[in-house]
Ligand SMILES: [Zn+2]
C-alpha cells in the first residue's frame, strides 16, 4: 500500500511538472491578466477623470476625450485572437483557482459582447445615435401645437377633463411611432450580432454576458408576479375609485391617460408624500456625513473630494463614481434641503462607499461591485432611509407624534410605489424578452396584453399604435431594466437579514438603522470588501444565507392588515 501511495505521489508530481496540468493554463492566464491591466488601468483612470471633468465643468474637450477613451477601452475587448484564447481557456476547464476563474469569467464576457464585426457595429452605433437624436429633438403635439414633456406631466397630474388628458397622453407617445421602424431595424441588427457569436438573439446574449440566465430571471419574475398580483389588484381598485371620483367618471371608463404618469410607472399624486418640511432646516451634507460615520462607514474623505452644490454648467442630477480601483471615490450632487436630496446623497454615497471599501488585497479585476444591480442595491438600501420614520426621528430629533404621522403617509406611499414599480418592471422584462425573440410579431398588441395583465390598465379603444417605443430605454439601455428591480429585491433581502439575523429582532418596527456599527461591519465584510470575488448570487447567498428571491421585498412592502 505504501508503495502505491508513493507511486501516486510521483505521478501527480510529474503531471504538474510536465506543464500539461492546470498550472500551465493558470500561468498563461495570469500573464495575460497582467498585460491586460497594464493597458486597461491607465485608460480607466483617464476615462474617469474625463467623465468627472465633463460633469463638473462641462467643457467640450472633456466630453470628446471621454468618448475617445470609451472607444479605446472598447477596442481592448475587440481583439479576436485574445477572445479565442480566453474561450479556449474557459472550455478547457483547467482554471481551478477560484479567483483566477472569476477573472477569466469577467474577461471572457467582456470580450464576448464586443465580438461584433466592424461594419455591423458601425451600423448599430449610427442607428442608435439617430434614434437618440430624434428622441431628444422631437416634440409631441396637442391640436397641432408642440408641447414639452414637462407640459405633458403638468396636464397628466392636474387636468380633470378626460379628453384633454387623452390628447396629452397621446402626445407623449407620438415619438414612439416616429422611431418605430428604426428601433425594429436596430433590434434586428443587434440580433444579427448576437447570432454571429452563437446566441439565439441579443436579449439572451445580454443576459448571459451580464452573468445572469433567462431561467433564473424568469423564476424570480414569475415569483414576483405571483406574490404581488393579489395585493396590487387591491391597491389598484382603491386607487381607481379615487381617480374615477376625481374626474367624475365611472371606474369602468378609466383609460391609460387617467393615471398620473404616461406609463403608470410612478405612484399617482393622490398618494404623494411630502416630507420636505421635516428637512427644511437640516444640513443635508452634515446629516449624511454624521449618519455614515455613526454606522462605521465614514465618508468624510469621499465628501471632501465631492462636488455637492448647484452651479451653472454643471450636470444637474447626481451620481457616485469610482475614480480608480484603489478606493478613490466621490459623488456629484446638487444639494438642497429636501427629502429627495437626502435620499439622493445617501444613495450616491452608498455607491461611492462600495468602491471605497473594496479589499485592496483582491485582484484588480475583482475590485468592482459584484454586479451593477448589487451596487444599486446598496445605494437603495441607504437611500430608502430618508422616508423611514424611525430614522428621521433619530436623525432629526422628532417627537413620537411626528414619527407616527410620517409612518402613516410614508407606509402607504412606499407600499404603492414599490408594488406598482414591480408590476411595471414585469411589463418591461417580459416585453423586451419577446421583442428580441421575434421582432416581426404584433408588438403593439403584445404591449397592451402585458399592460392589461400586469398593470391592470385597459387599452384604448380602436387600433393600438407603437406608443411603447417612446420608452427610450428600449433603444439606449437595452435588456437592462430588470436590474433596477433586482436592486430593490436585494435591498429588501439585506434589510430582512439585518433585522432578523444580525439584530435578532422579530420585526423591523423599531429599527432606525442609526448609530449601529454592526451595519458597517456587515456591509464591509460581506458585500463591499469582496467586490466581485464571488458571482453576485454567491455573494448574496453568503451574505444572507439564500440566493436572491422576491419574498423579502414583498414582506417589506405589502402590508398585512
Ligand atoms: Zn444608483
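Inclusion of residue 183 among residues that are out of contact with any helix residue (DSSP H, G or I) (no Cβ under 6 Å at 6 or more places or on another chain) and surrounded by 15 or more Cβ atoms within 10 Å (Cβ to Cβ) is not warranted. May I ask you to list the residues in region 386-398 that are more than 16 Å from the ligand (Cβ to nearest atom) and in contact with a helix residue (DSSP H, G or I) (Cβ under 8 Å, 6 or more places away or on another chain)? Selection gives 387, 388, 389, 390, 391, 392, 393, 395, 396, 398. Taken over region 337-385, the criterion of being away from the ligand (no atom under 16 Å from the Cβ) and at pLDDT 95 or above is satisfied by 357, 358, 359, 360, 361, 362, 363, 364, 365, 366, 367.
Comparison of 278, 291, 357 shows that the only residue that is in contact with a helix residue (DSSP H, G or I) (Cβ under 7 Å, 6 or more places away or on another chain), over 30 Å from residue 415 (Cβ atoms) and surrounded by 15 or more Cβ atoms within 10 Å (Cβ to Cβ) is 357. Every condition in (1) farther than 30 Å from residue 468 by Cβ; (2) surrounded by 16 or more Cβ atoms within 10 Å (Cβ to Cβ) is met by residue 84 except one, and the failing one is (2).
Restricting 382, 373 to those that are over 30 Å from residue 29 (Cα atoms) and surrounded by 20 or more Cβ atoms within 10 Å (Cβ to Cβ) reduces the list to 382.
Out of 386, 355, one residue alone is under 23 Å from residue 490 (Cα atoms) and in contact with a strand residue (DSSP E or B) (Cβ under 7 Å, 6 or more places away or on another chain). It is 355. Within region 492-515, residues that are crowded, with 19+ Cβ neighbours inside 10 Å have Cβ atoms under 6 Å from residues that are in a loop (DSSP other than H, G, I, E, B) in these pairs: 499/505; 499/508; 499/511, counting only partners at least 6 apart in sequence or on another chain.
Restricting to region 271-317, count the residues that are part of a loop (DSSP other than H, G, I, E, B) and at pLDDT 95 or above. The number of residues fulfilling the criteria is 9.
Annotation: residue 252 fulfils all but one of (1) within 16 Å of the ligand (Cβ to nearest atom); (2) surrounded by fewer than 20 Cβ atoms within 10 Å (Cβ to Cβ); the unmet one is (1). Scanning region 323-332 for residues that are away from the ligand (no atom under 12 Å from the Cβ) and either without any contact (Cβ under 8 Å) to a residue 12 or more places away in the chain or buried (at least 24 other Cβ atoms within 10 Å of the Cβ) (or both) gives 329, 330. In region 110-120, the qualifying residues are those that are under 25 Å from the mean Cα position of the chain (by Cα) and in a helix (DSSP H, G or I), and the one that is surrounded by the most Cβ atoms within 10 Å (Cβ to Cβ) is 111.
The values are calculated or read from the model by the stated rules, or taken from the named source; none is laboratory data. Note that the coordinates shown come from a computational prediction; the quantities given were computed from them, not determined experimentally. Cβ sites come from the backbone with ideal geometry, for glycine too, and all protein chains shown count toward neighbours.
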